[in-house]
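The values are calculated or read from the model by the stated rules, or taken from the named source; none is laboratory data. Here the structure is a predicted model, which means the values were calculated and not measured. Cβ coordinates were reconstructed from backbone atoms using ideal geometry, including for glycine residues, and neighbour counts include every protein chain displayed. Calculation scope for accessible area: heavy atoms of the full protein, side chains included, ligands and nucleic acids excluded. Shrake-Rupley method; radii C 1.70, N 1.55, O 1.52, S 1.80 Å.
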Amino acid sequence: MAAGDPREVITVADPAALAQTAADRVLARIGANSGRVAICLTGGSSPKKLYQLLATETYRSQIPWGRVHWFIGDERFVPADNPLHNMGVARQIFLDRFAPPANIHPIPTGAADPDAAARLYERELQSFYGADALGPAKPLFDMVLMGVGPDGHTASLFPGYPAVEETRRWVVGVPQAHVEPFVPRVTLTLPVLGSCREMLFEIGGADKRAILTRVLDGENLPANRARSTGETIWLVDQAALPANSRER
């Protein structure tokens, strides 16, 4: 890891331990706030086991559903019932069964285009936050869940794309993805994702080892630029960990 890196890397044995550790951290972060809680979910395959775990009695019974609000860090611009829809997957696994409908905040992919959806979601986030500018003393989210793609993207912030450099907008449209599925996206920007008490990356499986090697070597990738104003945690299982990092 690069010198001065503020992130903490936590290693666990396998995918089951990855999901359990992530779920425990979600519960701890919810428990640390006695008021309104905001959790920003992520898409892709990484969080599915976590979402399934949150749906079990052991975990769901500890969540004060009435005061927890659920957002999403990025979305594929497809209909809400499309299997590629990130929030749709989370809703199917656990949200629609337990969260009040008013506490679920999907990106509106029924809008005219990704830019229109981005503007609508930006207004929703600002309304929830109570201001149109983020302040360092008041994080937008209690927790932001993140993953990393094979090219080093996170959320839908792809290497070399203008969205990575955006600092003014809260949410932007991405005309085309850099990796499959090649559909338009809508994504929160780095300053907004970073406005959180904890940013938690879940990285599991041998197929993530190559990109994790590049990340830990400090390469200039979107995933390396995603940092919380609070804690930044990379939760990694043994299969994903580079061989030269396994003593960490």
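Here is how the numbers come out for the structure above:
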quantity: Those residues of the stretch 105-120 which are in a loop (DSSP other than H, G, I, E, B), over 14 Å from D74 (Cβ atoms) and of a type in the set (A, V, I, L, M), in sequence order; calculated: A111, A112
quantity: Condition broken by P150, with the remaining ones in (1) farther than 30 Å from A32 by Cα; (2) assigned to a strand (DSSP E or B); (3) open to solvent by 30 Å² or more (accessible area, probe 1.4 Å) satisfied; calculated: (2)
quantity: Odd one out for A102 among (1) part of a helix (DSSP H, G or I); (2) surrounded by 14 or more Cβ atoms within 10 Å (Cβ to Cβ); calculated: (2)
quantity: Residue within the stretch 123-140 that is modelled with pLDDT of 95 or more and closer than 23 Å to A19 by Cβ present; calculated: no
quantity: Any hit, the stretch 77-90, residues being among the aromatic types (F, W, Y), buried (at least 18 other Cβ atoms within 10 Å of the Cβ) and in contact with a strand residue (DSSP E or B) (Cβ under 9 Å, 6 or more places away or on another chain); calculated: yes
quantity: G35 under 16 Å from R197 (Cβ atoms), in contact with a Lys or Arg (Cβ under 8 Å, 6 or more places away or on another chain) and surrounded by fewer than 15 Cβ atoms within 10 Å (Cβ to Cβ); calculated: yes
quantity: Extreme residue, nearest to G44 (Cα to Cα), among residues of the stretch 117-160 that are of a type in the set (A, V, I, L, M) and without any contact (Cβ under 8 Å) to a residue 40 or more places away in the chain; calculated: L120
quantity: Residues being closer than 16 Å to M87 by Cα and either without any contact (Cβ under 8 Å) to a residue 12 or more places away in the chain or among the acidic types (D, E) (or both) - total across the stretch 170-191; calculated: 0
quantity: Some residue of the stretch 192-199 being farther than 20 Å from R168 by Cα and either out of contact with any Lys or Arg (no Cβ under 6 Å at 6 or more places or on another chain) or open to solvent by 10 Å² or more (accessible area, probe 1.4 Å) (or both); calculated: yes
quantity: Matching residues, the stretch 153-185, being open to solvent by 20 Å² or more (accessible area, probe 1.4 Å), touching a strand residue (DSSP E or B) at 6+ places or on another chain (Cβ under 7 Å) and of a type in the set (F, W, Y); calculated: Y161
quantity: Long-range neighbours under 7 Å by Cβ, at least six apart or interchain, first residue surrounded by 22 or more Cβ atoms within 10 Å (Cβ to Cβ) within the stretch 222-242, second of a type in the set (S, T, Y) and assigned to a strand (DSSP E or B); calculated: P222/T154; A223/T154; A226/T154; V236/T11; L241/T11
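This table checks each residue for (1) of a type in the set (S, T, Y); (2) touching a Gly at 6+ places or on another chain (Cβ under 6 Å).
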| residue | (1), (2) |
| --- | --- |
| V9 | no, no |
| L18 | no, yes |
| G31 | no, no |
| C40 | no, yes |
| Y51 | yes, no |
| W70 | no, no |
| A90 | no, no |
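The rows are residues; the columns are (1) under 15 Å from the mean Cα position of the chain (by Cα); (2) over 26 Å from P184 (Cβ atoms); (3) of a type in the set (D, E).
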{"position": "R25", "(1), (2), (3)": "yes, yes, no"}
{"position": "S34", "(1), (2), (3)": "no, yes, no"}
{"position": "L95", "(1), (2), (3)": "no, no, no"}
{"position": "P100", "(1), (2), (3)": "no, yes, no"}
{"position": "Y121", "(1), (2), (3)": "no, no, no"}
